[in-house]
Each structure stands twice: as structure tokens, then as C-alpha cells.
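Note sheet for the following structure.
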DNA sequence: GAAATATAGTTAGTAAGCTAACTATTATCG
DNA sequence: CGATAATAGTTAGCTTACTAACTATATTTC
């Protein structure tokens, strides 16, 4: 596994950043593992992590324009275009031009997306349960609270 | 900001997954915000999040083959190829064929990478400090511990 | 020692992610 | 009303991520 490279007279960079001590390091890794695990679970159903998130928001809100959906997903509208293109290609969603504002396109889940969605919820619950194994309810609660704090710290103005 | 779409006779998907209650939801968002904040900080120095991570590991280990580096970064070797191609193009690293095993290529940081690295460490420390504002040392410690637990839960076998 | 197997790196194809620039609408201001 | 500004969606160009298939070396096995 760890092939242990000796790194003899290594031209090491001067400064050293102990990133294993950083919350960012562990947060990024854990989040990566979560997305990985969920992706693996979703793959057999022919759907990706982001596509599942789209269906999730549509399940909550029913029908959304692309900017509104992008803002909920915390991604750029331009990024969403590609995701929706592929979902439309696969018959999971449809785009309808809004009558009141012809710039807007309303996204809604197709009938066959409903079949997929039921299974997706299963996958999500499974991973979610696996993630918190060995943690008490109190710990999970504190964990989520801290995550919200961190998110708030970094989200604000982000400059 | 929130344009509030009424979603009148919305064809809602049957089941509903309350993902705002899931640790995954908050973890992914917080991690995203972290990478975003760091990327913004790094951008003026012409370096990306992943490229900074490469330099970080080279600072720790001195010289690494691509598989070893990829395994430390928790990404696929094939993904690393592109990252290193761009870093080599930008003169940040060099690839040297190992004498003992001609399949291996040892990656080392270039002299000019050292100048960049000093500034990168600054950026990383800044974001890291901002992330934990309003949290006690105890809370941060518990947070990291929980993240490690979650990572362990999800990493194992991931099937 | 030659054949089979494993390993290191690469390429190709697909799915995201971003910014910046563009088109088509709608809203606003004078 | 008409010019200007704002907004919704898209496209183009770049970086990152994956899997699967490929090439070149090393290692194992017979």
C-alpha cells in the first residue's frame, strides 16, 4: 500500500504547512468520502450525485427556475446548464418556458424520475446512516452545529 | 435573492428526503465553502487548490512518484496526470524518471515553486483561521475527531 | 529463460466546476 | 415612449474528477 519512497536528498520546499492539523483537511476528505460513497450507491441507478440533488430540490419545491435551483445547490447557473442538459437527455426532467417571464425556464421532474427518486432516497439514507456509525445523537447534533458555524464563517463575503 | 417561485400545481416527486437534516448535506456545503474560500485566496498567485495540495505533500515528503502522490491526495493517478501536466507547463514541478524503476517518475518542486509556496502557506493559514472563528479549542478538537470517525465509516470498502 | 502477471504512467471519453462573454428578454429611468 | 440597465439562460475555454483501455517496464511463475 504505502510504497515508502526514501526521498533521499530531497529539494524540500522551505516552509511546511501541517495541513493534517487543519479542519479544512479533514473536512474536505470526509466530504469527498461521502460523495464517493453516495456516487457508488447511485451509479447502478444511472444517476449522479448532482443529478440526485436536483431531484431532491424538485421534490421539496416542486418546480424551479434554473437560477433558483442553482442558488439552492450552491453552484453557478452556468454549471447547472450542463447537469440539466444531461438529465433532459436521459428523460429525467423537462424545461418549460414560463408564461409570465419568457426568459425563465421552469424545471420539473419527469414521471420516470419518480421511479428513480424512490430508490435514490434509499441510497441516501443508507450512506447517511453509515456515516454516523459510532456517534451519539448528541455528537451528531454538535457536529452539524459546528458545520453550520464553519459554513457561516467562510460563506460571508468569501473575499 | 430568494425569488420565491410559487410552484402552483407542481408535479412533486412522491417521497421526500429531508437532506437538510443529513450530516452529508452540511459537510458537503462546508467543504465546498472551504475550497471556494481557499481558491479565491490562491487565485491571485496563479495556483489552484489541487496544485497547492501537490506542493504541500512535496513539502512534507520531498519527492514522490505519481501513484504515491495520488494516494496521499486521495485521487486517482489518472486525475493527477492532468494536474501535474499543468504544473509542469507552468514550471512548478519537474518529472524525473527513477533510475531504479524506469516506470516511475519522481515529482519534485521547482525552485520557483518555493516562492509561491511561502505565499500559499499564508493563504492556507488565513482561511484555516477564518473557518474556526467562534469555536473553542475543545469544539475544534471534537470536530476534527468526528470528521475522522465519519471518514473512517465511509472510507472502509465503500461498497 | 520465456510466459504470465502486476505495476506506473498515459490517453480517451464523460461529468462536473468555474469565469467571462454572448443573446434574449424584462425592468427602469429620463 | 425610448435608451439604459438588469436578469435568465447559454456558450466557450479552462481545471478537475472518474473509469476503462492502452504502453512500457518489472516481477513472478513455470
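For region B:1-26, the tally of residues that are exposed (fewer than 13 other Cβ atoms within 10 Å of the Cβ) and either more than 7 Å from chain A (Cβ to nearest Cβ) or at pLDDT 75 or above (or both) stands at 9.
If I ask for residues that are near DNA strand D (Cβ under 8 Å from one of its atoms) and without any contact (Cβ under 8 Å) to a residue 24 or more places away in the chain, which ones from region A:81-94 would you list? If the condition is that a residue be near DNA strand D (Cβ under 8 Å from one of its atoms) and without any contact (Cβ under 8 Å) to a residue 24 or more places away in the chain, then A:81, A:82, A:85 are the ones that fit.
Do the conditions hold for residue B:69, that is, is it within 11 Å of chain A (Cβ to nearest Cβ), under 19 Å from the mean Cα position of the chain (by Cα) and within 16 Å of DNA strand D (Cβ to nearest atom)? Yes.
When B:29, B:84 are screened for being surrounded by 15 or more Cβ atoms within 10 Å (Cβ to Cβ), within 9 Å of another protein chain (Cβ to nearest Cβ) and either under 18 Å from residue A:32 (Cα atoms) or modelled with pLDDT of 95 or more (or both), only B:29 passes.
Scanning region A:112-128 turns up no residue that is outside any helix (DSSP H, G or I) and more than 9 Å from DNA strand D (Cβ to nearest atom).
Evaluating residue B:125 against the criteria (1) free of Cβ contacts under 8 Å to residues at least 24 places away in the same chain; (2) touching a helix residue (DSSP H, G or I) at 6+ places or on another chain (Cβ under 6 Å) leaves one unmet condition, (2). Considered as a group, the residues in region A:105-121 that are away from DNA strand C (no atom under 16 Å from the Cβ) and more than 9 Å from chain B (Cβ to nearest Cβ) include one that is nearest to the chain's Cα centre (by Cα), and that residue is A:119. Within region A:50-61, the set of residues being facing chain B (nearest Cβ under 7 Å) and within 15 Å of DNA strand D (Cβ to nearest atom) comprises A:58, A:61. When the test is whether a residue is over 21 Å from residue B:151 (Cβ atoms) and either facing chain A (nearest Cβ under 10 Å) or modelled with pLDDT of 95 or more (or both), residue B:47 passes it. When residue A:105 is tested against (1) within 12 Å of DNA strand D (Cβ to nearest atom); (2) closer than 18 Å to residue A:58 by Cα; (3) without any contact (Cβ under 8 Å) to a residue 24 or more places away in the chain, exactly one condition is not met: (3).
Pairs linking a residue in region B:37-62 that is touching a residue at least 60 places away in the same chain (Cβ under 8 Å) to a residue that is within 13 Å of DNA strand D (Cβ to nearest atom) and outside any helix (DSSP H, G or I), with Cβ atoms under 7 Å and 6 or more positions apart or on different chains, are B:42/B:48. Every listed requirement among (1) more than 11 Å from every other protein chain (Cβ to nearest Cβ); (2) within 29 Å of residue B:153 (Cβ to Cβ) is met by residue A:102 save one, (2).
Just to be sure before I move on: is residue B:134 in a helix (DSSP H, G or I), without any contact (Cβ under 8 Å) to a residue 12 or more places away in the chain, under 22 Å from residue B:34 (Cα atoms) and away from DNA strand D (no atom under 11 Å from the Cβ) in the structure I sent? Taking the combined requirement at face value, the residue does not satisfy it. Of the helices (runs of 4 or more DSSP H) entirely within region A:15-101, those holding at least 1 residues that are within 30 Å of residue B:62 (Cβ to Cβ) and in contact with a helix residue (DSSP H, G or I) (Cβ under 6 Å, 6 or more places away or on another chain) occupy A:23-42.
Residue A:21 passes every criterion in (1) within 9 Å of DNA strand C (Cβ to nearest atom); (2) closer than 22 Å to residue B:33 by Cβ apart from (1).
The values are calculated or read from the model by the stated rules, or taken from the named source; none is laboratory data. Remember, it's a predicted structure, so these values are computed and weren't measured experimentally. Counting neighbours? That spans all protein chains shown, and the Cβs are built from the backbone with ideal geometry, glycine included.
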